[in-house]
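Input: a single structure, listed below in structure tokens.
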Amino acid sequence: MTIATPSTPRPRVLSGMRPTGKLHLGNYMGALYNWVKLQHEYECYFFIADYHALTTDYADPSGLQSNIREVALDFLSAGLDPERCTIFVQSHVHQHAELNLLFGMFTPLGWLERVPTYKDQQEQLREKDLNTYGFLGYPLLQAADILLYQPDFVPVGADQVAHVELTREVARRFNQLYASRPTPAIRHAHSDKERLAAEISQNEVVEQILPEPKALLTPSPKLPGTDGRKMSKSYGNTILLSDPEDVVRAKLKPMVTDPARIRRTDPGNPDVCPVFDLHRVFSTEETLQNVRQGCTTAGIGCIQCKGWLTDAVVKELAPIQERRRHLEANPKQVDDVLEAGAGRASQFAARTMLPVLKAAGLR
Ligand code: TRP
Ligand code: SF4
């Protein structure tokens, strides 16, 4: 006779990404690649943060639906498996908005004004008017996104750590305000004197209705774009996961190299070359050695070096693009994944909201 052992629950992970359109290698190495690995070890929730897109792009939502679609395609093409993780669109789960509203009641303005991305982004996106309530509230919406799923970990890059920190403060404040109870010793005291003694020694029990999650700093290698700056959609220097081979080749051909290597006969220094930074991520150890050797002795030219890089990138992208072709031919499959994901996420979110609403006096 076999005895069924209850499988130990896996720690839970939640993360989200803004729907910026077709994803590039920077998005992939910075997040998605890690998510694909995490789905084997954790109970995972991954979502497309469409409300967050509106915090900066509220003036023109015309591209939002197609951007959501492209990101969903890239999620699945990159290897997120809907059998292993829950994939959904933020606005399909109304509890995100609901919990955000509730958090707004007790979050001091100063907490939000002090989040470093607030002033930074306002300065970087000067062409947009970001003096809005929604933009100030961006990290609070993110706190709601996270706490709804009571995750153990939130995989994010270094730029998002401050947001997870705020999330922890919001959870702590919620628990303190609405979930603190006198300890049994205080409740069962027989006299004022006994109660006072118990209060001094034991204070109160703060229940964890909303447990505090931890940031899971995922490795994100330095990934320059074709102009040598950080790969980013706003710089127009990206290579997309969906770029076909000839496009990858054409984009990498004029890529910035070691600026001191002017002539073919000049030896170069891979350690200051953005092309080599990409080699480090995508090429085999053998190619890395050949590049090092060839570059420093002027044995190879930059054109040849970029050709090898193109081969490595194309090889990495091949299985992703193969899955994409299949999904593009079966659009209903993507709809079904997002619908099922929203269903599962809603169920979880509703379970979290019940004690939350009760504690806040709303039930
Ligand atoms: N702010 C994140 C970013 O710009 C996206 C995001 C929204 C997110 N909600 C989240 C990430 C919740 C992790 C958890 O990348
Ligand atoms: Fe950079 Fe390669 Fe040219 Fe060396 S050979 S400078 S590593 S592109």
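Inspection of region 115-122 identifies at least one residue that is loosely packed, with under 15 Cβ neighbours inside 10 Å, under 25 Å from LYS214 (Cα atoms) and among the hydroxyl-bearing types (Ser, Thr, Tyr).
For region 108-160, please list each of the helices (runs of 4 or more DSSP H) lying entirely inside it that holds at least 2 residues being in contact with a Leu (Cβ under 8 Å, 6 or more places away or on another chain) and near ligand 1 (Cβ under 9 Å from one of its atoms).
Here the list reads 138-147.
What number of residues within region 241-291 satisfy the criterion of being among the basic types (Lys, Arg) and surrounded by 18 or more Cβ atoms within 10 Å (Cβ to Cβ)?
Result for region 241-291: 2.
Could you check SER242 against (1) of a type in the set (S, T, N, Q); (2) outside the structural domain of LEU25 (by TED's automatic domain parsing); (3) within 30 Å of ALA360 (Cβ to Cβ) and say which number it fails? Going through the list (1) of a type in the set (S, T, N, Q); (2) outside the structural domain of LEU25 (by TED's automatic domain parsing); (3) within 30 Å of ALA360 (Cβ to Cβ), SER242 breaks only (3). Would you mind stating whether ASP311 is free of Cβ contacts under 8 Å to residues at least 24 places away in the same chain, within 16 Å of ligand 2 (Cβ to nearest atom) and either aliphatic (A, V, I, L, M) or assigned to a helix (DSSP H, G or I) (or both)? Criteria met by ASP311. Are any of the residues in region 285-308 farther than 24 Å from SER66 by Cβ, assigned to a helix (DSSP H, G or I) and away from ligand 2 (no atom under 16 Å from the Cβ)? So far as region 285-308 goes, no, none of its residues is farther than 24 Å from SER66 by Cβ, assigned to a helix (DSSP H, G or I) and away from ligand 2 (no atom under 16 Å from the Cβ).
If we keep just the residues of region 161-180 that are free of Cβ contacts under 8 Å to residues at least 40 places away in the same chain and in a helix (DSSP H, G or I), which is surrounded by the fewest Cβ atoms within 10 Å (Cβ to Cβ)?
GLN176
Residues of region 197-253 that are of a type in the set (Gly, Ala, Ser) and without any contact (Cβ under 8 Å) to a residue 24 or more places away in the chain: ALA197, ALA198, SER201, SER234, GLY236, ALA250.
Restricting TYR58, TYR28, TYR33 to residues that are over 29 Å from THR226 (Cα atoms) and among the hydroxyl-bearing types (Ser, Thr, Tyr) narrows the list to TYR58. Scanning region 227-240 for residues that are surrounded by 13 or more Cβ atoms within 10 Å (Cβ to Cβ) and polar (S, T, N, Q), we see that the one that is farthest from ligand 1 (Cβ to nearest atom) is ASN237. Of everything in region 194-233 that is modelled with pLDDT under 90 and hydroxyl-bearing (Ser, Thr, Tyr), the residue that is nearest to SER283 (Cα to Cα) is SER220.
The residue that is nearest to ligand 2 (Cβ to nearest atom), among those in region 18-58 that are among the charged types (D, E, K, R) and closer than 16 Å to GLU70 by Cα, is LYS22.
The values are calculated or read from the model by the stated rules, or taken from the named source; none is laboratory data. Treat the numbers as computed from the prediction; the structure is a model and nothing was measured. Glycine gets a Cβ as well: all are built from the backbone with ideal geometry, and neighbour counts include every protein chain shown.
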